[in-house]
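For reference, the structure is listed below as structure tokens.
All of the numbers you see were taken from the coordinates with simple rules; none came from a lab. Quick caveat, the model's predicted, so the values are computed rather than measured. Heads up, the Cβs are rebuilt from the backbone with ideal geometry, glycines too, and the neighbour counts pull from every protein chain shown.
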Amino acid sequence: DVKVTQSSRYLVKRTGEKVFLECVQDMDHENMFWYRQDPGLGLRLIYFSYDVKMKEKGDIPEGYSVSREKKERFSLILESASTNQTSMYLCASSLRKGVYNEQFFGPGTRLTVL
Amino acid sequence: SQKIEQNSEALNIQEGKTATLTCNYTNYSPAYLQWYRQDPGRGPVFLLLIRENEKEKRKERLKVTFDTTLKQSLFHITASQPADSATYLCALGAGGYNKLIFGAGTRLAVHP
């Protein structure tokens, strides 16, 4: 059974804190993605990675950074959390080979920044 | 700019009827389109993929159409059941690395 796991389901942090969100997949996928999901806006891509140590900016990378030191793990970092980063964060992975591959999602982390 | 539109209002239907959800897009020519289901508090789950050269795709009670002239995809659930109640997201293939652009989703409620 394929699986994408995220380190926390719920997280509460204070403004200015450094926040780490971890994502692990067990499917040996090359591609990994971080999205945030807000009501009425859908999923917006923050960063993605197509290989270890490789990363590309998505549509809304400002205020975020990522790290991919191992194939199965992709971390999202909020350098200095702000209230407008309160959101649901979703991690996903997919195969790189081929063009039309589906994405497999984790359960999400609901982050609240106070 | 690229835009994907799904009905923002919830779709309420009676059990046994066919649910039809719409996905419209502008300023884009995707090579494929995917549909996902998302239950409250969970991540999306892949349902179906349709390529630009395919008009229709079926899987059990699900059917997807893709009209590249109208820039529209329709998602049908026949013989709907209360268990089909969820939010359904359409996503357009957005170039390399299997990147997707997602719509905001339409919430479907099937009533007994």
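Here A:Glu79 and B:Ser8 are evaluated by their C-beta separation; at R0 = 35 Å the FRET efficiency comes out at 0.60. By other beta-carbon atoms within 10 Å, ranking B:Thr87, A:Thr112 with the fewest at the front produces A:Thr112, B:Thr87. Listed by Cβ neighbour count within 10 Å, with the fewest neighbours leading, A:Tyr100, A:Tyr10, A:Tyr50, A:Tyr35 appear as A:Tyr10, A:Tyr100, A:Tyr50, A:Tyr35.
Taking Cα pairs under 8 Å and at least six residues apart, what relative contact order does chain A come out at, in percent?
Details: 297 pairs, mean separation 40.8, N = 114.
That works out to 36 percent.
Note on chain B: Cα-only Rg and Dmax are 13.4, 43 Å. Counting every other Cβ atom within 10 Å of each residue's Cβ, B:Glu5, A:Glu69, A:Glu102 order from fewest to most as A:Glu69, B:Glu5, A:Glu102.
From the cross-link list A:Lys71/B:Lys63; B:Lys63/B:Lys99; A:Lys97/B:Lys3; A:Lys18/A:Lys70; A:Lys18/B:Lys71, which pairs have alpha carbons spaced over 31 Å apart? Don't skip to the answer; put the middle values down first.
Values: A:Lys71/B:Lys63 35 Å; B:Lys63/B:Lys99 23 Å; A:Lys97/B:Lys3 27 Å; A:Lys18/A:Lys70 21 Å; A:Lys18/B:Lys71 42 Å.
Table pairs above 31 Å Cα-Cα are A:Lys71/B:Lys63; A:Lys18/B:Lys71.
Comparing Cα centroids, the range A:12-66 and the range B:1-64 end up 24 angstrom apart.
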